[in-house]
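The values are calculated or read from the model by the stated rules, or taken from the named source; none is laboratory data. Owing to the predicted nature of the structure, the values given are computational and were not obtained by experimental measurement. Ideal geometry is used to build each Cβ from the backbone, glycine not excepted, and the neighbour counts take in all protein chains shown. What goes into the accessible areas is simple: the full protein's heavy atoms, side chains included, and nothing from ligands, DNA or RNA. Shrake-Rupley method; radii C 1.70, N 1.55, O 1.52, S 1.80 Å.
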Amino acid sequence: MIFPKYQLVAYVGLPGSPALGPLDKDLDAKAAKLDKLSRAYAAGRTPLPVMELITVVARGSRGKDGMYRGRLDDAKIEQYLTVARKHKMLLLLDIQPGRAKVLPEVQRLERWLKEPDVGLAFDPEWAVGPTQVPGKVFGHTTGAELDSIAAYLSGLVQANGLPEKVFVFHQLSPRIVTDEKALKPHPGVVTIKSVDGIGARTDKLKTWTKLTTALPPSVHAGFKLFYTEDTRHGPLMTPAQVLALKPRPELVIYE
């Protein structure tokens, strides 16, 4: 069982894109920093570091198939998984689908999701409609769509005898997820909502309260910190300040 034994702490990134988080290069050095950071969050739990790799990235241009997203090739995913395993970390494959449907993008990664130490993250802010452009508008998802992803992952876990699989969905405002109560518990899947509010600490705390007050009982809380965007408004929140949040953020992500 992932919880309550472990405390998850993640770095996010995309190869060659430092603006999207620390996992852009120098993976072994970054893994060592992440390992040290994760220990600052232990607070009675076993720290479990996580590498969140943006595997499908939303784009502002159409691309060949008109889906406004790019996909990372298998060789890059393999590279990140190798480093994650070397450092005994989980790997999360993050999807920003653009105009593509999210479930087919998840299913396309099945060979990786069948691995025991690979989970999934979905960023619906970047899931836009058929005439919309990522970055020009906020995308959105529904509880039913999230539930379909969790059900698919649960099927993989059961069919392949896998350990519990982590499924993270990111949210920065209430309108990004509608009818969240349609997201139900699924055997073998640990669902976490990452609250991604950006800005000054007071603003982040308001977003946190808004997005966690009615958290479904089967959904765990996660919290995201932004090295650049947050620090334009004051110092980055410390591990002690993050751990003082209620409910406890069981996953803390740094971008």
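I'd like to verify a number: residues in the range 165-206 that are among the β-branched types (Val, Ile, Thr), out of contact with any strand residue (DSSP E or B) (no Cβ under 6 Å at 6 or more places or on another chain) and open to solvent by 10 Å² or more (accessible area, probe 1.4 Å), how many?
Start the filter on the range 165-206 by keeping residues that are among the β-branched types (Val, Ile, Thr), which leaves 166, 168, 176-178, 189-192, 195, 198, 202.
Next cut, out of contact with any strand residue (DSSP E or B) (no Cβ under 6 Å at 6 or more places or on another chain) only: 176, 198, 202.
From the residues that got through so far, the ones that are open to solvent by 10 Å² or more (accessible area, probe 1.4 Å) too are 198, 202.
Going through the range 165-206 one residue at a time, the tally reaches 2.
In summary, residue 200 fulfils each of the numbered conditions (1) modelled with pLDDT under 95; (2) within 23 Å of residue 147 (Cα to Cα); (3) more than 18 Å from the chain's Cα centre (by Cα) with the single exception of condition (2).
So is residue 240 in contact with a Gly (Cβ under 6 Å, 6 or more places away or on another chain) and over 28 Å from residue 117 (Cβ atoms) or not? Let's see the steps before the verdict.
Details: in contact with a Gly (Cβ under 6 Å, 6 or more places away or on another chain): no; over 28 Å from residue 117 (Cβ atoms): yes.
When the stated conditions are applied, residue 240 does not pass them.
Scanning the range 172-197 for residues that are under 18 Å from the mean Cα position of the chain (by Cα) and β-branched (Val, Ile, Thr) gives 176, 177, 189, 190, 191, 192, 195.
Would a scan of the range 40-47 turn up a residue that is of a type in the set (A, V, I, L, M, F, W, C), touching a Gly at 6+ places or on another chain (Cβ under 9 Å), under 23 Å from residue 240 (Cβ atoms) and not in a helix (DSSP H, G or I)? Checked the range 40-47: no residue is of a type in the set (A, V, I, L, M, F, W, C), touching a Gly at 6+ places or on another chain (Cβ under 9 Å), under 23 Å from residue 240 (Cβ atoms) and not in a helix (DSSP H, G or I). Between 101, 88, the distinction of being at pLDDT 95 or above and on the phi < 0 side of the Ramachandran plot belongs to 101 only. Looking at the range 209-226, which of its residues are part of a helix (DSSP H, G or I) and either of a type in the set (Lys, Arg) or surrounded by fewer than 20 Cβ atoms within 10 Å (Cβ to Cβ) (or both)? 209, 210, 212 - these are the residues of the range 209-226 that are part of a helix (DSSP H, G or I) and either of a type in the set (Lys, Arg) or surrounded by fewer than 20 Cβ atoms within 10 Å (Cβ to Cβ) (or both).
Which of the following residues is more than 20 Å from the chain's Cα centre (by Cα) and of a type in the set (S, T, N, Q): 17, 61?
Numbers: 17 fails: more than 20 Å from the chain's Cα centre (by Cα).
Just one listed residue meets the conditions, 61.
The set of residues from the range 27-67 being among the acidic types (Asp, Glu) and closer than 27 Å to residue 126 by Cα comprises 52, 65. When we screen 221, 244 for residues that are over 23 Å from residue 147 (Cβ atoms) and among the small types (Gly, Ala, Ser), the only hit is 244.
Tell me, which helices (runs of 4 or more DSSP H) wholly within the range 51-153 include 3 or more residues that are open to solvent by 10 Å² or more (accessible area, probe 1.4 Å) and touching a residue at least 40 places away in the same chain (Cβ under 8 Å)?
Filter on the range 51-153 gives 74-86.
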